[in-house]
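Here is the structure we will look at.
The values are calculated or read from the model by the stated rules, or taken from the named source; none is laboratory data. Since the model is a prediction, treat every value here as computed from it, not as a measurement. For neighbour counting, all protein chains shown are included, and Cβ atoms are generated from backbone atoms with ideal geometry for every residue, glycine included. Accessible surface is based on the protein model in full, side chains and every heavy atom, while ligands, DNA and RNA are left aside. Shrake-Rupley method; radii C 1.70, N 1.55, O 1.52, S 1.80 Å.
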Amino acid sequence: MENDKFAYIGVDAIIRNHEGKILLMHRTYSPYEGYWGLITGLVGANESVSDALKRVAREEVGIDIAVEKYTGRYYDEVGRHPTKTCICLPHVCRIVACEPNPIKKCDDVKWFSPEEIYDMDLAYDHKQMLEDEGLILVY
């Protein structure tokens, strides 16, 4: 397939609540089925990164978000995605409407404290993203 010759662009939404807890979804699809992870997806053709983040948050957990800032880091290590080359651009976001509920590609959505996440295995390199953003400490 021609598209397999090129890298995909992924987006990751880092969302915290007023208590400093981080929103994660429990994935029901491969890769990383059964793992918790950030709200994540691919940028579509003729779609901006911000629009992709907003679309994915709405589709997967039913929330409207504001994209506040790009973390300034991208993740492109070969093998970080088990089926394709995918460069990911994490952004700090906040919920502006609705409560998170599982809709698509997940069966649960919860807020986790940084301490809880410390002991978890997350999808992809989401734990590294949270550590790089200073939200969790990984020893």
(Q) Taking the Cα centre as origin and putting +1 on Lys and Arg beta-carbons and -1 on Asp and Glu beta-carbons, what dipole magnitude results for region 1-55, to the nearest 20 debye? (A) 220
Q) About its Cα centre, what dipole magnitude does region 32-93 give when the only charges are +1 on Lys and Arg Cβ and -1 on Asp and Glu Cβ, stated in debye to the nearest 20? A) 120
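Would you compute, from DSSP H runs of 4+ residues alone, the mean residue ellipticity of the chain at 222 nm, taking -39500 (n - 2.57) per run and dividing by the full residue count, rounded to the nearest 500?
Details: 3 runs with 25 residues, N = 139.
Calculated at 222 nm, the ellipticity per residue is -5000 deg cm²/dmol.
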Q: First select every other residue whose beta carbon is under 14 angstrom from the beta carbon of Asp125; then total the charges, Lys and Arg +1, Asp and Glu -1.
A: -4
Q. Which percent of Cα pairs goes in each bin when the distances of region 25-139 are cut into 10 angstrom slices starting at zero?
A. 13, 44, 40, 3, 0
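Between Asn46 and Asp132, what's the calculated FRET efficiency when r is the beta-carbon distance and R0 is 35 Å? Round to 0.05.
Details: r = 30 Å, r/R0 = 0.85.
For R0 = 35 Å, the calculated efficiency reads 0.75.
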Q) At Lys69 and Met120, where each label point lies 7 Å from the Cα along Cα→Cβ, what is the point-to-point distance in nanometres? A) 2.4
Q) Looking only at Cys106, Cys88, Cys98, which one moves most when the chain is put into a Gaussian network model with springs between Cα atoms under 10 Å? A) Cys98
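Can you give the charge dipole size of the chain about its Cα centre, rounded to the nearest 20 debye, using +1 on the beta carbon of Lys and Arg and -1 on the beta carbon of Asp and Glu? It would help to have the intermediate numbers written out before the result.
Numbers: 16 positive and 24 negative charges, 62 e Å.
Using Cβ point charges on Lys, Arg, Asp and Glu, the chain gives about 300 debye.
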Q | For Arg58, net neighbour charge (Lys/Arg +1, Asp/Glu -1) across residues whose Cβ lies under 14 Å away | A | -2
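Give, in nm to one decimal, the length gained when the segment between Ala97 and Asp76 is fully stretched (0.36 nm per residue of separation minus the Cα-Cα distance). Please list the in-between numbers first.
Numbers: separation 21, 0.36 × 21 = 7.56 nm, distance 3.14 nm.
Difference between extended and current length: 4.4 nm.
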Q | Which listed pairs, of Lys54/Lys127; Lys54/Lys104; Lys5/Lys84; Lys54/Lys84, have C-alpha distances above 19 Å, in listed order | A | Lys54/Lys127; Lys54/Lys84
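Averaged per residue, what accessible area in Å² does region 1-138 show with a 1.4 Å probe, protein chains only? Display every interim value, and only then the final one.
Working: 7470 Å² over 138 residues.
Spelled out: the 1.4 Å probe surface of region 1-138, per residue, equals 54 Å².
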Q) Alpha carbon centre of region 1-67 versus region 96-139: separation in Å? A) 12
Q | Percent antiparallel among DSSP beta bridges (both partners in the chain, rounded to 5) | A | 70
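As an exercise, identify the chymotrypsin sites (Phe, Trp or Tyr not before Pro) in region 14-64 lying in DSSP coil whose Cβ has no more than 15 other Cβ atoms within 10 Å.
Tyr29
Given a cut-off of under 8 Å on Cα pairs at least six residues apart, what relative contact order in percent is computed for the chain? Please list the in-between numbers first.
Working: 268 pairs, mean separation 43.8, N = 139.
In percent, rounded to a whole number, it is 32.
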Q | Rounded percent of accessible protein surface that carbon and sulfur make up, the chain, 1.4 Å probe | A | 48
Q. Which of the listed residues, Pro31, Leu135, Ile9, is farthest toward the dipole's positive end in the chain, when Lys, Arg count +1 and Asp, Glu count -1 at the beta-carbon?
A. Ile9
